[in-house]
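The values are calculated or read from the model by the stated rules, or taken from the named source; none is laboratory data. No experiment lies behind these values; they were computed from the predicted model shown. FYI the Cβ positions are ideal-geometry reconstructions off the backbone, even for glycines, and counts take in every protein chain you see.
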Amino acid sequence: MLVPHRNFNLINEIRDSDIFAVTYPKSGTIWMQQILTPIEAKGDVTPNTEHLNAQRVPWIELIGSEKEFNATPSTRLWVTHLQYKFMPLAVRQKRGKVIYVARNPKDVLVSYYHFHKYAAMLEMPKDFNDFFEKFMEGKVFGNCWFEHIKTWYANRDNMNFLYITYEEMIKDLRSMVERMCRFLGKDLTEEQMASVVEHSTLRTMKQNPQANYKTVPDSLLDHKGTFMRKGMHVTPWTIGDWKNHFTVAQSERFDSVFQEKMRDLPLSFTWDI
Ligand code: A3P
C-alpha cells in the first residue's frame, strides 16, 4: 500500500537548494524525475541509467523518516503528490523551489485509470465508469485533482514557484527545459541542454529500465502495463486520449464541474491536438 498523506509540516530542515517537482498523479512525475537529474548534473545522464528514477528523485511522502530526509546530501531533488497543506511549512515560506506540473485532467483521469489496472498497490477499478466516479469525488490516492491544483496555485506567491503544463512539455520540450533551467538558475551549454532533452523524450525513456520502472518487482507493478503507456496503446505524443474513453455525458459533466471549481483560477489547458 502507498503511504497515506502524512503531515510533513514539521520538517523544518528545508534548504534553499531543495527542488520539489509537484504533481497530481499521472501528470508527468517520472518525466520530471528524468529531467531534473541531468539538469543538476550539467547534462550528465549517467545517473539516469544507473539508478531508478525514484532513488535519484524520491517522493518525499515515501521517505522513511525525518532523519533520513535531513541526511540526504544537497542538492536534494524531490517529487511529491502531496496536497499543499501537507507540505513542510518552510517550503510554503519561500525555502527551496517548487515546479508544479499540471496536466489536462481528463487525460490524467484516463492515465490513472490504466495505472490502477497494473499497480498492485492500488485498488482495481470495476470499470471505467466506476473509476470516473471515484475520480470526480476525489476518492483516489492523491485525493481531489481540483483541490490539488487550486490550493497549490492559489498559494503560489508563498513559494518560489514555477507553473508548467505537461502539454507544453509535449509540444516543446526544449523550451520547457530551458524555462526550468532559468527558474533553477542552472546555466547549461548547448551540448548539455541537448543531452537533457534527448534523454527525456518518451522514446528514450521507454528504453531505459530505470526510467520506466522495469526493475520494480511484479508484486508492485504488473509489467504487462507500463508507466510509459503512451506509445504502447495510443499514438505517441497524443494529447486527448480521454476522447477514446469518455462518453459524451461524462465529458459534459466533467466540463461543468471543471468550470464551476476552476472559475477563480486563470488556468487553461490543451485538451487535444
Ligand atoms: P499516459 O498514461 O497517458 O501514457 P506520472 O509519471 O505522473 O505517473 O505520469 C505518467 C504519464 O506521463 C503517462 O501518461 C506517461 O506516458 C507520461 N509520460 C512519462 N514520460 C513521458 C515523456 N517523456 N513524454 C510524454 N509523456 C510521458
So which of ARG203, ARG174 ends up being within 15 Å of the ligand (Cβ to nearest atom), in contact with a helix residue (DSSP H, G or I) (Cβ under 7 Å, 6 or more places away or on another chain) and of a type in the set (Lys, Arg)? ARG174
Within the range 182-194, count every residue that is within 14 Å of ASN160 (Cα to Cα) and touching a helix residue (DSSP H, G or I) at 6+ places or on another chain (Cβ under 9 Å). 1
Of residues in the range 118-134 being more than 11 Å from the ligand (Cβ to nearest atom) and either part of a strand (DSSP E or B) or of a type in the set (Lys, Arg) (or both), the one farthest from the chain's Cα centre (by Cα): LYS126
Of (1) at pLDDT below 95; (2) in a loop (DSSP other than H, G, I, E, B), THR204 fails just (2)
Within the range 141-158, how many residues are closer than 23 Å to MET124 by Cβ, at pLDDT 95 or above and not in a helix (DSSP H, G or I)? 1
Apart from one, (1) in contact with a strand residue (DSSP E or B) (Cβ under 9 Å, 6 or more places away or on another chain); (2) closer than 23 Å to ASP272 by Cα all hold for LEU162; the odd one out is (2)
Within 17 Å of ALA21 (Cβ to Cβ), touching a residue at least 60 places away in the same chain (Cβ under 8 Å) and either of a type in the set (Gly, Ala, Ser) or within 16 Å of the ligand (Cβ to nearest atom) (or both) - does that describe any residue in the range 150-159? yes
Please tell me if LEU36 is within 11 Å of the ligand (Cβ to nearest atom) and either β-branched (Val, Ile, Thr) or within 30 Å of ASP241 (Cβ to Cβ) (or both). no
Kindly provide the set of residues from the range 50-91 that are part of a helix (DSSP H, G or I), within 16 Å of the ligand (Cβ to nearest atom) and either under 25 Å from ARG179 (Cβ atoms) or in contact with a Cys (Cβ under 6 Å, 6 or more places away or on another chain) (or both), ordered by number. ASN53, ALA54, ARG56, ILE60
Test GLU123 against the stated conditions and say whether it is of a type in the set (D, E, K, R), surrounded by fewer than 18 Cβ atoms within 10 Å (Cβ to Cβ), at pLDDT below 95 and over 18 Å from TRP31 (Cα atoms). yes
Going through the range 14-43 one residue at a time, which ones are among the acidic types (Asp, Glu), assigned to a loop (DSSP other than H, G, I, E, B) and surrounded by 14 or more Cβ atoms within 10 Å (Cβ to Cβ)? ASP18
